[in-house]
Structures are given as C-alpha cells and as structure tokens.
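The values are calculated or read from the model by the stated rules, or taken from the named source; none is laboratory data. Note that the structure is a prediction, hence the values are computed from the model and not measured. Here the Cβ is made from the backbone with ideal geometry for all residues, glycine too, and neighbour counts use every protein chain on show.
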Amino acid sequence: MKFLANENFPLVSVGLLRSAGHLVIAIAEDSPGIIDAQVLARASAEESLLLTFDRDYGELIFRRRLPAPAGVLYLRFDPISPEEPGQFVLSLLKRADIQLTGKFTTATRDTIRQRPLPASDERREGGSLSR
C-alpha cells in the first residue's frame, strides 16, 4: 500500500511500515513545514493514503471540499512509543473488516469509525492553501 505520512507521524513508525513492504513517503523527511492543504494536495495527486494525528483534514475534505486522497487514517490517541502508530496501522491492514481506501477512518485504540470520502465529481477542484 502507498502511504503519505504527515509530519506528526513518527519516523520510527514510517520505518516499520517500509520494512513491511509498504511505500511510505514521509513529510518530515522531504517537505517539513508545509501546510495541511499542501499535504492533502500531495496525497491526492500521488493517490496515497494519508496517515495523520491531525484532525484538520476532515475539515479540509468535508467542509472546504478539497480533493481527497486515496484514504485518510486519522489516529486519535497519544502514542506510548514511536513504534505504536506503525504497529497499529499494520494491525489494521490485517483486518478483513476494515478497508482504508476510499474512507476517512478515525481510530482510537478501542474504536474505528469510517466515513466514505467524497467521490471525485463531488469535490471542488483547488481551493485556498491556508491552514
């Protein structure tokens, strides 16, 4: 699977996902400091699933109607270690009842909520690149 790890996603977890065979681009490695709308635009253009701890992406996709990526995994917990987010993602990928592509997934350690992402014809192209 192809992921774009937001700047707040630990690099140790990026390494875990890579070692499991996933293509992971890390904002912290190649574009630190870019704004959320730019991260979202990149994930959309590269057809990547966005990994983040930042709730702003729901606002950008569902209210501001910016183009959505292949999927969003919003983790709503404070990691107890830098490895935990990567381990959590790998465990989700093994679950037959969870499909991350095409969904905005909000996950805590105990709950998973999913909402379909807007179809491309429902999204407005462009938009402001402010936070």
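For the reader, a short list of remarks on this structure follows.
- Qualifying residue in region 42-50 (condition: among the basic types (Lys, Arg), modelled with pLDDT of 95 or more and closer than 21 Å to residue 94 by Cα): no
- Search result, residues across region 60-98 that are within 14 Å of residue 41 (Cα to Cα), without any contact (Cβ under 8 Å) to a residue 60 or more places away in the chain and either among the charged types (D, E, K, R) or in contact with a His (Cβ under 7 Å, 6 or more places away or on another chain) (or both): none
- Within region 27-53, considering residues that are within 11 Å of the chain's Cα centre (by Cα) and among the aliphatic types (A, V, I, L, M), the one farthest from residue 68 (Cα to Cα): 51
- Qualifying residue in region 112-129 (condition: at positive phi and at pLDDT 95 or above): no
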